[in-house]
1. May I ask you to derive the relative contact order of the range 166-234, considering only C-alpha pairs under 8 Å and at least 6 residues apart, and to give it as an integer percent?
2. Counting DSSP beta bridges with both partners in the chain, what percentage is antiparallel, nearest 5?
3. Could you work out the helix-only [θ] at 222 nm for the chain, with each DSSP H run of four or more residues adding -39,500 (n - 2.57) and the total divided by the number of residues, to the nearest 500 deg cm²/dmol?
4. If the elastic network links every pair of Cα atoms under 10 Å, which of 32, 104, 160 fluctuates the most in the Gaussian network model of the chain?
5. Mind checking the range 35-123 for GluC sites (Glu not before Pro) that DSSP puts in a loop (not H, G, I, E or B) and that have at most 15 other Cβ atoms within 10 Å?
6. Distance from the Cα centre of the range 189-219 to that of the range 23-89, in angstrom?
7. Under 8 Å for C-alpha pairs, at least 6 residues apart: give me the relative contact order for the chain, rounded to a whole percent.
8. Which whole-number percent is the relative contact order of the range 1-131 (Cα, under 8 Å, 6+ apart)?
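The values are calculated or read from the model by the stated rules, or taken from the named source; none is laboratory data. This is a predicted model, so every value here is computed, not measured. When we count neighbours, we look across all protein chains shown, and the Cβ atoms used for this are built from the backbone with ideal geometry, even at glycine. Just so you know, the surface numbers come from the protein's heavy atoms only, side chains and all, with ligands and any DNA or RNA stripped out. Shrake-Rupley method; radii C 1.70, N 1.55, O 1.52, S 1.80 Å.
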Amino acid sequence: MGKIIIVASLKGGVGKTTLTAALSSRLADMGKKVLAVDMDFGIRSLDIALGFENSALPDCYDVIMGRSSLSVACEKSVTRPNLYFLAAPMRVNPSSEAFELPQKLLNAFLNDARRDFDYVFLDMSAGNGRVLTQTVNSGLVSTALTVCTHNAASIRATEKLASSLYSDGVEDIRLVINSFLVWRAEKDEESGVVDIINRSSTPLIGVVPFEEQVEEMLSHGVAIVDDKKSLAGRAASNIARRLIGENVPLFEGVFPKNSRLKLY
């Protein structure tokens, strides 16, 4: 059975989609069969990040509700043979009273996905909505990646989310600090790494530095791991390696050794 990994945050704009695209792409490059699922119903942007924006195939809700099979709905990457994508529905509002998501059908979908793939990444919508709640309630989530920046509100939201996930039975919860601005931590304008870990009460799996070009790469369907000069891409690659059990030093190839103490 493969592993189901949710990428989540209670706040928007923290880089969940960028991270999902990067991790999915890198693990596919490492020979793993990967399915990246956009679970942000009604909005969706993972298709753009992965270069699938022209896809017209059925979406994940069609698969969950039995209107399409997983094999028909997921699209294979042209550039990465091991990477597959499943879109979110555009015209489904999970906040609507008419919204249906039978737990039994969702569980069946997740079970099918982990049977067919080594890793299944679920890019969740911001907030603690029904789709996230029912995904967690399936009992099939292997790992939850909680994403935050070093903004105080983002850290508080991560603490709340991690506590909720743990209460709901998710045992492997990992923190990703994204868009980390070293100079702001150095000047004590924002929290440092250790402070964020302590305040979020979540084990750290990686720190991704802020880079201006990330947004542009995302809009053009280029994963940050494809830019050999990108420190953010290296950090994401390190996280991918840790997910498969490799022992990778926290800041390897990302932050110079002589400046690492300042990160704290």
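1. In percent, rounded to a whole number, it is 31.
2. DSSP beta bridges in the chain are roughly 5 percent antiparallel.
3. Numbers: 11 runs with 99 residues, N = 264.
Here the helix-only value at 222 nm equals -10500 deg cm²/dmol.
4. In this elastic network of the chain, the residue with the biggest mean-square fluctuation among 32, 104, 160 is 104.
5. Qualifying residues, ordered by number: 53, 97, 100.
6. 26
7. On the way: 541 pairs, mean separation 64.3, N = 264.
Taking the mean separation of contacting Cα pairs over the length of the chain, I get 24 percent.
8. Values: 252 pairs, mean separation 58.1, N = 131.
Dividing the mean separation by the residue count of the range 1-131 yields 44 percent.
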